[in-house]
Amino acid sequence: MTEPDTYDIIEAVKKMLASSVVELSDEDALNVAALYPTWSSKIGQTVNVGERYWYDSKLYKVIQSHLVLENWTPDVSASLFTEVSVDLWPDFVQPIGASDAYMTGDHVTFNGKHYISIIDNNVWSPETTPQYWEEQP
């Protein structure tokens, strides 16, 4: 048996910590993002809600369990993934349903302005239903 190289050591550490990173907050997950598997390593496999994967230099979280298909990349499959972010005012992303709806207190940036959702299960934009959003100065 040959001695492990750096790659072998890193992969062993990832395996050892795999169960530990599952419960991390988004902020903590971003601090140890290199410990998460790549999205491409899951093609043909089922992924579950809450799991996180690297894709195109970003960390994404699964918001709907599904079989990973090659053309359902995280950057274009908003119904399946959301980018992990700790940005206080992330860009508004049109929800597709209850799985990714905005909740009371969620912050967004929409057309260059900041808004806070004032209802739970908010799937409407500040433009279409301004009564569900509070514009911020």
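Picking from residues in the stretch 35-74 that are of a type in the set (V, I, T) and assigned to a strand (DSSP E or B), the one that is surrounded by the most Cβ atoms within 10 Å (Cβ to Cβ) is V62.
The rows are residues; the columns are (1) in the same structural domain as S117 (by TED's automatic domain parsing); (2) in contact (Cβ under 8 Å) with a residue 24 or more places away in the chain; (3) under 15 Å from the mean Cα position of the chain (by Cα).
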position: T6; (1), (2), (3): no, no, no
position: V32; (1), (2), (3): no, no, yes
position: W39; (1), (2), (3): no, yes, yes
position: K61; (1), (2), (3): no, yes, yes
position: D75; (1), (2), (3): no, no, yes
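When T82 is tested against the conditions (1) at pLDDT 85 or above; (2) assigned to a strand (DSSP E or B); (3) in contact with a helix residue (DSSP H, G or I) (Cβ under 9 Å, 6 or more places away or on another chain), the lone failure is (1). Within the stretch 107-137, the set of residues being assigned to a strand (DSSP E or B) and of a type outside the set (S, T, N, Q) comprises H107, V108, F110, K113, H114, Y115, I116, W133, E134, E135. In the stretch 11-34, is there at least one residue being in a loop (DSSP other than H, G, I, E, B), in contact with a strand residue (DSSP E or B) (Cβ under 6 Å, 6 or more places away or on another chain) and closer than 30 Å to I116 by Cβ? Looking for residues that are in a loop (DSSP other than H, G, I, E, B), in contact with a strand residue (DSSP E or B) (Cβ under 6 Å, 6 or more places away or on another chain) and closer than 30 Å to I116 by Cβ, one finds none in the stretch 11-34, hence no.
The values are calculated or read from the model by the stated rules, or taken from the named source; none is laboratory data. It should be emphasised that the depicted structure is a prediction, and the values quoted were computed from it without experimental measurement. A quick note on method: Cβ atoms are made from the backbone with ideal geometry, for glycine too, and the neighbour counts reach across all protein chains shown.
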